[in-house]
């Protein structure tokens, strides 16, 4: 689960990472009140889940309350386009109004999972404010790493190695070490899958602070964090994806016009790949799971069809636990109920496949039954043209 | 021969009396797997599917001599179940459960470090040696005994590959689904090493997907150490970066884990890389006849 910067900062602050004084604002009035309280010299920051907000015009430094009000009017409600939002951008519905601080230098701090080691890794870099992927590609030696040992946690000597390594001045080392230890604790205890502070700043007066916060929470661990349930912002998610999640369907909207319904994540990706190979563009990723029932199949169909870009549908099921006859019945019932006008290509294999094919043939609908994935992909690409 | 499991495997089921455990234990028994009992805390002393139920894995091992376990325990308790099995001396632990928090798996993997046991999964379909032993949730009937080893991160995509092989009359030595999570036990590399050493495995199918660099590591090993033909496929060539494609581990993050990088590494290692999953069976046939 992704959360907003201001929510991430609240978590960090709770664990003892110093953050600037600031307030979230949903309206210009609230932004004005926050700017007054902070003395007018503030930063107004668009709160969307995508990165690159500054470059897109979603962050403004202001010198007075009047300026802050102007900036808030501009940013609140804008379609903010960044390299992560796609060309349509993301509407700004929340602002973070924060005290503006005199910055001496910017650094990077981050924690994520090292999959090969099966342990978390703490990263720090002198190249703050830049995208860490770019640093990793061009000057990987500038990213310092310390492995966090399970059960032991980040140790102060590791934090000192990093703090000295990235060139923090001697007078700020203790404060930085304290902030790093707090970040590691926040990550661990929040079941985060990513925690980044970019930039982590050194102020003119020697203090250190988290000027940004990007925290992702492990979805599988949300059950033990009821305190984070409210942090989910459905406005930041695709409405069809939100709808699909209500039925335990794994749906991701893409830009093409061929919808697909598949059981299993790997086969679903493979189906997208073969659609592309056959000359088409997938409209979505959809994994109905290993044990989908008729009701889920019906809802999956409804969600696929509510994407207006879709011109044809490919159903690719390798029946194991999910029997082909159950799938076929679900598809036929959904077609009856929803009145499907688009071409549908069905490819089924595995458990009870003959019975499944019979149900499709005798349904009275003009479904095309394909023989193998390649045939299915070619048929659906033709149908979409 | 085969790897990890065969006729001698004595299997227990953790989460035995639950609906998933019951359904798949029944399927495995029908397939001919030697299921010797199961574990459900609080139900010890009773019988289920005509087999003894135990409160703890230790008791089950002591009483039945079990050497393998399959875990159908719900996510909040699954890492605990893995560690319990390891502590009880089980040599092969197959964790089917999807949705275990990463923090729990970090602890479980640390716990397994240095112990003489193999973990397959979690979030995986399991392992099967055709016509001998089925551990997991795969449809047994699509498999055929033979000489191709299959290792994959995905469930249904593995069935797809196996279905194609069987349809072409090509049997399998052992098929392993290693799981779609970011932290797993057995990796592609581990499975490849075992298949390479198994005289009964004549060719290997390696199926990967976006996320992590498991496939690149295996490819580097194959380049230097494997002379058996290897056919590969990577799912997610069209997946957008930054999005989790169903599996918790299937995500292109920070510029790494891309399908194109994996395919390039595999091709460089002499692996026949399929551009679509539809040609896996055919490519194996071609490599075997050369």
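The values are calculated or read from the model by the stated rules, or taken from the named source; none is laboratory data. This structure is a prediction, so every number in the text was calculated from the model and none was measured. For neighbour counting, all protein chains shown are included, and Cβ atoms are generated from backbone atoms with ideal geometry for every residue, glycine included.
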Residues of the stretch A:60-90 that turn out to be surrounded by 15 or more Cβ atoms within 10 Å (Cβ to Cβ) and under 19 Å from the mean Cα position of the chain (by Cα), as a count: 7
Per-region count, the stretch B:238-284, residues away from chain A (no Cβ under 12 Å), buried (at least 24 other Cβ atoms within 10 Å of the Cβ) and outside any helix (DSSP H, G or I): 1
Complete set of residues in the stretch A:150-175 that are in a loop (DSSP other than H, G, I, E, B) and in contact with a strand residue (DSSP E or B) (Cβ under 7 Å, 6 or more places away or on another chain): A:150, A:154, A:166, A:168
Of the criteria (1) out of contact with any helix residue (DSSP H, G or I) (no Cβ under 6 Å at 6 or more places or on another chain); (2) under 21 Å from residue A:263 (Cα atoms); (3) modelled with pLDDT of 95 or more, which one residue B:100 fails: (1)
Test for residue A:111: is it within 26 Å of residue A:237 (Cα to Cα) and under 21 Å from the mean Cα position of the chain (by Cα): yes
Number of positions in the stretch B:210-232 that are in a loop (DSSP other than H, G, I, E, B), more than 12 Å from chain A (Cβ to nearest Cβ) and either in contact (Cβ under 8 Å) with a residue 60 or more places away in the chain or crowded, with 22+ Cβ neighbours inside 10 Å (or both): 1
Members of the stretch A:363-385 that are in contact with a helix residue (DSSP H, G or I) (Cβ under 9 Å, 6 or more places away or on another chain) and within 17 Å of residue A:334 (Cβ to Cβ): A:363, A:364, A:365, A:367, A:368, A:369
Criterion violated by residue A:375 - all others in (1) surrounded by fewer than 18 Cβ atoms within 10 Å (Cβ to Cβ); (2) away from chain B (no Cβ under 11 Å) satisfied: (2)
When residues of the stretch B:50-79 are limited to those that are part of a helix (DSSP H, G or I) and more than 14 Å from every other protein chain (Cβ to nearest Cβ), the one nearest to residue B:99 (Cα to Cα): B:57
Residue ID - surrounded by the most Cβ atoms within 10 Å (Cβ to Cβ), chosen from residues in the stretch A:280-321 that are touching a residue at least 60 places away in the same chain (Cβ under 8 Å) and within 12 Å of chain B (Cβ to nearest Cβ): A:316
Members of the stretch A:141-174 that are closer than 18 Å to residue A:115 by Cα and within 14 Å of chain B (Cβ to nearest Cβ): A:143, A:145, A:147, A:148, A:149, A:150, A:151, A:153, A:154
In the stretch B:114-139, the residues that are within 14 Å of chain A (Cβ to nearest Cβ) and within 18 Å of residue B:69 (Cα to Cα): B:119, B:121, B:122, B:123, B:124, B:125, B:126, B:128, B:134, B:136, B:137, B:138
Wholly enclosed strands (runs of 3 or more DSSP E) of the stretch A:176-269 bearing at least 3 residues buried (at least 22 other Cβ atoms within 10 Å of the Cβ) and at pLDDT 95 or above: A:192-203, A:258-262
Condition check for residue A:337: more than 20 Å from residue A:380 (Cα to Cα), surrounded by fewer than 21 Cβ atoms within 10 Å (Cβ to Cβ), within 31 Å of the chain's Cα centre (by Cα) and assigned by TED's automatic domain parsing to the domain that holds residue A:367: no
